[in-house]
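This report concerns only the one structure given below.
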Ligand SMILES: [Zn+2]
C-alpha cells in the first residue's frame, strides 16, 4: 500500500470511523449529530470569541478540565458547517485516547487547529477524519448512497443533509468504498494535498516540477488558461492527464473531473472518478 503523507492509513480510518459511529449512535441514534450537545454531555466547556487568525479551534486541558475555544473570526454563528466541523475536530482530540492522554500528561501542549484540511500532521489528519465520521456516520451514509450511481449531486445532497462542508463530505465519502474517487486540492498552481479511496486505480499524480498541477486537466485550464472554468458539470480527462501510468492499457481511460473554484484564494478542489 502506498503511503500518502496527506492521509492516514485505511486501518486507522476504520478505527476512527468506528469510534465516531459509536458516539453518534449512543447519543444521536435517530437524529442529527450535534457537536455542541456532545461537548455538554462530556462536560467540556466552550467559548466562542474572535481570536484573530491564530486558530479555528483549540482544546485546552487545565487542572483536570477540558475547554474548547472556538474562533468566531471566520464564522457568523455556532451552527454553521464550518464551526460544527471545528468543534467535532476538537472533540476528536478529546475522544481519541492517544490525543487526550498526550494532552493530560502534558506531552503535547494544547495546539491550535485549522479547519482547512491543509495539515499533513498525523494528529490533525486523524482529528479531521474523526470529525467527518462523527458528523456523517458511515452506516447512515451507506444507506443514503446505496445503489446510486456516483455524481457530484450526491455529495451536495449529503453535505446539505448533514450540514457539512463539501470537503468534509468528500473525505468521508472517499473512505466508505461505495465508489472510488480522488480529491485533489490545489492553490495557485500547486497541489496542496490529495486523498483517494483505497480502490482508486491510480495513486501517483503526474505533477509538473515543484508539485504543480498538470496542464491538460480541468484544474490546469483554470490555472494556466486565464481562469477558464468548467462549472456545474464534470470535465472529461484521461488517465494520463493526471496520473503516472505504468501500463499501456491505462492510456485513454476516461475520468470525470468536477472542480470547485475560488478566484479570491486561487483555489481549486478537483474531484476525479472513472466513468
Ligand atoms: Zn487539531
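The values are calculated or read from the model by the stated rules, or taken from the named source; none is laboratory data. Since we're looking at a predicted model, the values are computed, not measured. We place every Cβ from the backbone using ideal geometry, glycine too, and count neighbours over all the protein chains shown.
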Q: Could you identify the single residue in 231, 249 that is assigned to a loop (DSSP other than H, G, I, E, B), over 25 Å from residue 131 (Cβ atoms) and not assigned by TED's automatic domain parsing to the domain that holds residue 35?
A: 231
Q: Identify the residue in the range 60-115 that is in a helix (DSSP H, G or I) and loosely packed, with under 15 Cβ neighbours inside 10 Å and, among all such residues, is modelled with the lowest pLDDT.
A: 104
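Quick one: which residue in 236, 269 is at negative phi, modelled with pLDDT of 95 or more, part of a strand (DSSP E or B) and buried (at least 16 other Cβ atoms within 10 Å of the Cβ)? Spell out how you get there, then give the answer.
Values: 236 fails: buried (at least 16 other Cβ atoms within 10 Å of the Cβ).
From the options 236, 269, the qualifying one is 269.
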Q. Which residues, counting only those in the range 92-119, are within 23 Å of residue 269 (Cβ to Cβ), more than 10 Å from the ligand (Cβ to nearest atom) and in contact with a strand residue (DSSP E or B) (Cβ under 7 Å, 6 or more places away or on another chain)?
A. 117, 118
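Can you tell me which residue in the range 43-59 is nearest to the chain's Cα centre (by Cα), limited to those that are away from the ligand (no atom under 14 Å from the Cβ) and loosely packed, with under 14 Cβ neighbours inside 10 Å? Spell out how you get there, then give the answer.
So the first thing to find is which residues in the range 43-59 are away from the ligand (no atom under 14 Å from the Cβ), and the list is 43-53.
Next cut, loosely packed, with under 14 Cβ neighbours inside 10 Å only: 43, 45, 47, 49-50, 52-53.
Working: 43: 27, 45: 26, 47: 24, 49: 25, 50: 24, 52: 23, 53: 21 Å.
Only one residue fits best here, namely 53.
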Q. Which helices (runs of 4 or more DSSP H) does the range 124-222 wholly contain that include 1 or more residues that are in contact (Cβ under 8 Å) with a residue 60 or more places away in the chain, away from the ligand (no atom under 16 Å from the Cβ) and buried (at least 21 other Cβ atoms within 10 Å of the Cβ)?
A. 152-162, 166-176
